[in-house]
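These notes concern the structure reproduced below.
Where a number appears in this text, it was derived from the coordinates with a stated rule and is not lab data. The shown structure was predicted, so the numbers you read here are calculated from the model rather than taken from an experiment. Cβ: placed from backbone, ideal geometry, glycine included. Neighbour counts: every protein chain shown.
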Amino acid sequence: MAYCAYCAAETEAYHGEVPICLECSERRDVEKRPPAVESQLRTRLLQDLKQTSARARTASEAFLLLVKETPSGLPHPDGAQRIHNAPRELANARTEMEKAHSRLTLYLSRGILLDAGNTVVEE
């Protein structure tokens with residue numbers, strides 16, 4: 001038994017691959033978002049994707065710079081900590097970018113809006 005992506009009620013119905021109960025399905029059909037709201041939501045999700053992509057790009061550049069500097073033989077005062085932090089920051093940035101991309105894709109393909117914690121946002 002699956003749980004509705006909107007209200008977490010048990011359901012056997014699906015819209016595409018997303019579980020949805022009959023009440024939420026009917027409400028979703030009735031409460032279509034106006035075009036202005038659609039545009040604002042899409043813009044917000046695109047902006048989030050751009051910001052997370054920029055963060056991932058910056059982290060990637062910092063990581064590559066660190067890799068270039070490391071074999072120089074010159075010890076950096078906080079070199080060990082930098083070596084530990086750079087890949088962690090890059091991985092976190094890429095994860096956030098992937099989440100933003102998934103939220104945008106899910107919204108554009110199925111009309112489901114998730115927040116950053118991947119919970120359905122009720123409009």
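Okay, here's what the table says:
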{"item": "Local electrostatic count at residue 104 - Lys and Arg +1, Asp and Glu -1, tallied over other residues with Cβ under 14 Å", "result": "+1"}
{"item": "Local electrostatic count at residue 95 - Lys and Arg +1, Asp and Glu -1, tallied over other residues with Cβ under 14 Å", "result": "+1"}
{"item": "Amide H contacts of residue 15 (H built 1.01 Å from N, under 5 Å, at least 5 apart or other chain)", "result": "20"}
{"item": "For residue 2, residues with placed amide H under 5 Å, excluding near neighbours", "result": "11"}
{"item": "Packing-based ranking, highest mean first, of 105-113, 9-17 given that Cβ atoms within 10 Å are counted", "result": "105-113, 9-17"}
{"item": "Amide H partners (placed H, <5 Å) of residue 114, local residues excluded", "result": "121"}
